[in-house]
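These notes are about the structure you will find just below.
Where a number appears in this text, it was derived from the coordinates with a stated rule and is not lab data. Note that the structure is predicted; figures quoted are calculated from it, not measured. Here the Cβ positions follow ideal geometry from the backbone for every residue, glycine too, while neighbour counts run over all protein chains shown.
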Amino acid sequence: LEIFRLLVEAGPEGMAAGDIAQRVGIAPSSLTFHAHSLLRARLVVQRRTGRHLLYRADYTAMNWLLEYLTRNCCGRGQTCAPACEPGCDPASQLRFAAARRRTTAPRVRRVRD
């Protein structure tokens with residue numbers, strides 16, 4: 001995920017494999033393994049310029065995946081409310097949701113044998 005995030009932030013020009021490995025702090029062989037996983041998932045595109053491999057995020061595939069996950073996150077065609085409204089504090093939203101679950105969830109009484 002860190003590699004993909006870095007490539008998304010890099011923009012359409014992408015980044016060289018060596019620069020990615022250095023920024024993420026992993027060995028080039030490990031980067032190759034993870035980059036090939038992203039390639040197989042079709043989330044990144046690879047091109048060779050001379051001796052360098054350049055990777056860039058495939059924004060079309062990324063947007064399709066996000067649309068699919070958003071549309072199907074609850075399953076069976078149900079739509080989902082956003083987890084957090086724009087401009088909200090995610091930590092406060094989590095605390096609010098947890099507090100609401102505590103007050104609305106039925107209490108389960110445990111019986112000891």
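Between F33 and E9, what length comes free when the chain is fully extended (0.36 nm per residue of separation minus the Cα-Cα distance, one decimal in nm)? Provide the component values of the computation, followed by the final result.
Values: separation 24, 0.36 × 24 = 8.64 nm, distance 2.07 nm.
Result for the pair: 6.6 nm of gain on full extension.
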Rough spin-label spacing in nm, given labels placed 7 Å along Cα→Cβ, for E67 and E2: 3.2
Low-density loop cleavage sites - GluC sites (Glu not before Pro) in segment 1-32, where at most 12 other Cβ are within 10 Å (DSSP): E13
Karplus-derived HN-Hα couplings along segment 29-43 (A = 6.51, B = -1.76, C = 1.60, θ = phi - 60°), whole Hz, x at Gly and Pro: 5, 5, 4, 4, 4, 5, 5, 5, 5, 5, 5, 5, 7, 6, 8
